[in-house]
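Worksheet for the structure shown next.
The values are calculated or read from the model by the stated rules, or taken from the named source; none is laboratory data. Given the structure is predicted, the values throughout are model-derived calculations rather than measurements. Positions of Cβ are backbone-derived with ideal geometry, glycine not excepted, and every protein chain shown enters the neighbour counts. For the accessible areas, the whole protein counts, side chains as well, though only heavy atoms, and no ligand, DNA or RNA atoms are used. Shrake-Rupley method; radii C 1.70, N 1.55, O 1.52, S 1.80 Å.
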Amino acid sequence: MTQPPFGEDRFMAALARHRDAVEETPEAAVTENHLLHAALDTMGEGFAVWDAGPNLVQFNRRLPDLFGLPADLLRPGLPAKEFLGLLVSRGVLTIRAEEASAWINAYIDASTRADRKQEVRLTDGTWLNFDWRRLPSTDGSIGYVSVFTDITVRKRAQIRLRQAEAKYRQIFDNVHEGIIQVTPEGRVLAINRAGAAIFGFSSPEEMLATVTRAGDQLYVNPERRKELLKHLERHGLARDFRSEMRRRDGNSVWVSKTLRRVTDETGNLVMIEGMFRDVSLQRRNEQQLMLAKEQAEDANRAKSDFLANMSHELRTPLNAILGFSQVLMDEMMGPLGNAKYREYCRDIVLSGEHLLALINDILDMAKVESGKMSLDEEWVDLNESLEAALLLVRERAASSRITMTRKVPDPAPALWGDMRRLRQVWINLVSNAVKFTPQGGSVELRCEILADGRLEIAVTDTGIGIAEEDIERVQQPFSQVANALSRSHEGTGLGLSLSRSLVELHGGELFIESRLGEGTTVSVTLPPERHRPGPLAGLQNQFAGGFAISELAQGSGSFLQPVDAGDQRPTSLAAD
């Protein structure tokens, strides 16, 4: 309600003094009334003065406007009951006609016996404050003054506030996470139902009445709360702060808390508030997963160690089988007597070689996984290394009428790496390309230096291709894609996985691009420090006084750099 200029009580007292002054000195009535009416007409509130009747004595201009009444309906001498009746009959008040008389009588009776304030809602949605007060005079007679104030803005704000409070109270009470406010000393100020349930209490009220020292009562390890307070002191906020807490029944529960400090205007800590949730199941799952991971790693290490240590036991008898089968097939000790025996020996040799290759791949994969694979690095003639790989598949490609193409710079760059392991990679890539390319297709081996200085060796075929969703899977150990053509070829599924591991040991990367039914490109990229302009003859090192003199095949210059007499690695690799 808008306050009178000098406060409501002082205003009412001044009004009473004015009335007394007018009664005592009638000659001043005209001047006093003029000033009073002028003051009342400037008010934003509806204002009326009533005699003991109570009947209307005077009112300001705002009164009829406030109720939407024509000014000529209001006149001095109008009884208060008729005034209220007008408001009901003209639909200003939200009171039914049959209830109007009882309401009016009750209102007048209550208002004439004591000062009264009442908030009333009009039918148009406007809210008014009806303020009815007694106005005593010096002669002992009683009059009344009523002030009607538009409080719609305030009332609507209160309604919105109550609605918002109800909305957030509903969220507070029904959210699945716990919400808490607690003092620095550990007394719980507020908690929702979900939070109380996490700690095993039947209601928030029960927990509020019980928990006065959170550190001792709720924490399994009270030191953990001290750590929380220190963290909040430093950072102001704690996220996913996990602690083992104690429930009402004595059991423990793991809780993840996100909390913040709440301070007063001077920066003193007032309380801590935030959210928390039960992560006991998640913690158990994490522990089980960690245990399973450790067990799997132990089993994998045991498997890798077993396979790596079985190298001699597996290869020795197999080499004996191959050797004696070769002797028999070549009839080195004399004729076998029957041509079939020679064919059988050939089958034994081929099967043994296949089995030896399989064992070698498995053992190499085991070495890689166990971290026991090491590289015997030297300068490698890339042209010769690639040609050796092509030579092994040339006969198979010719029998399937597959066109083989090689695009390698002349001279090819020299490559620093393990010659046998690099050749193993090239053989795996071109063998797969020929194996999975139908008759009449083509396989291309390409080598080039990229713009960023990396060396790329790529094998492209027009074979069956690989579906996009299978590309990652075929690079895993023992993984193969099942289709009509792949099922017709033998293989362990180790080729690509082993090749990728060997390339990564050289600091490179292996990429696969493929479209089902169209073909595949497998690219190997090696870092710039792994290659030098070729041919290999241009890297003949001559050691004198601790310096290596390397003549570059491309360009007319040479470089002179100090090296260890036993270390021929490129400088950038030797520094690793």
When (1) open to solvent by less than 60 Å² (accessible area, probe 1.4 Å); (2) within 30 Å of the chain's Cα centre (by Cα); (3) under 30 Å from Pro184 (Cα atoms) are applied to Ala292, the one that fails is (3)
Looking for whichever is within 22 Å of Arg134 (Cα to Cα), touching a Leu at 6+ places or on another chain (Cβ under 9 Å) and not β-branched (Val, Ile, Thr) here; the options are Leu73, Leu56. Which one fits?
-> Leu56
Kindly indicate whether any position in region 103-115 is basic (Lys, Arg) and either modelled with pLDDT of 90 or more or in the same structural domain as Ser252 (by the TED database) (or both).
-> no
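Can you name every residue in region 61-96 that is in a helix (DSSP H, G or I), in contact (Cβ under 8 Å) with a residue 24 or more places away in the chain and open to solvent by less than 80 Å² (accessible area, probe 1.4 Å)?
From region 61-96, those in a helix (DSSP H, G or I) are 62-67, 71-73, 80-89; that's our starting set.
Narrowing the set further to residues that are in contact (Cβ under 8 Å) with a residue 24 or more places away in the chain leaves 63, 66-67, 80-81, 83-84.
Of everything in region 61-96, those that are in a helix (DSSP H, G or I), in contact (Cβ under 8 Å) with a residue 24 or more places away in the chain and open to solvent by less than 80 Å² (accessible area, probe 1.4 Å) turn out to be Leu63, Leu66, Phe67, Ala80, Phe83, Leu84.
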List the number of the failed condition for Glu205; all other conditions in (1) surrounded by 13 or more Cβ atoms within 10 Å (Cβ to Cβ); (2) of a type outside the set (Phe, Trp, Tyr); (3) farther than 30 Å from Leu93 by Cα hold.
-> (1)
Subset of region 225-243 (residues that are more than 20 Å from Thr263 (Cα to Cα), charged (D, E, K, R) and open to solvent by less than 70 Å² (accessible area, probe 1.4 Å)) | Arg242
Restricting attention to region 97-127, and to residues there that are among the acidic types (Asp, Glu) and within 54 Å of the chain's Cα centre (by Cα), which single residue is least open to solvent (accessible area, probe 1.4 Å)?
-> Glu119
Would a scan of region 117-125 turn up a residue that is under 20 Å from Asn60 (Cα atoms), of a type in the set (S, T, N, Q) and modelled with pLDDT of 90 or more?
-> no
Does Glu165 fit the bill of being open to solvent by 60 Å² or more (accessible area, probe 1.4 Å), among the charged types (D, E, K, R) and under 31 Å from the mean Cα position of the chain (by Cα)?
-> yes
Residue satisfying all of: in region 386-426; among the polar types (S, T, N, Q) and assigned to a strand (DSSP E or B); most open to solvent (accessible area, probe 1.4 Å) among these | Thr403
Hey, Thr266 hits all of (1) farther than 19 Å from Gly178 by Cβ; (2) out of contact with any Asp or Glu (no Cβ under 6 Å at 6 or more places or on another chain); (3) surrounded by 12 or more Cβ atoms within 10 Å (Cβ to Cβ) but one; which does it fall short on?
-> (3)
A careful count of residues in region 359-385 that are part of a helix (DSSP H, G or I) and open to solvent by less than 50 Å² (accessible area, probe 1.4 Å) gives 12
Any hit, region 320-336, residues being among the acidic types (Asp, Glu) and more than 59 Å from the chain's Cα centre (by Cα) | yes
Filter region 334-358 for residues that are at pLDDT 85 or above and in contact with a helix residue (DSSP H, G or I) (Cβ under 8 Å, 6 or more places away or on another chain); the one that is surrounded by the most Cβ atoms within 10 Å (Cβ to Cβ) is Cys345
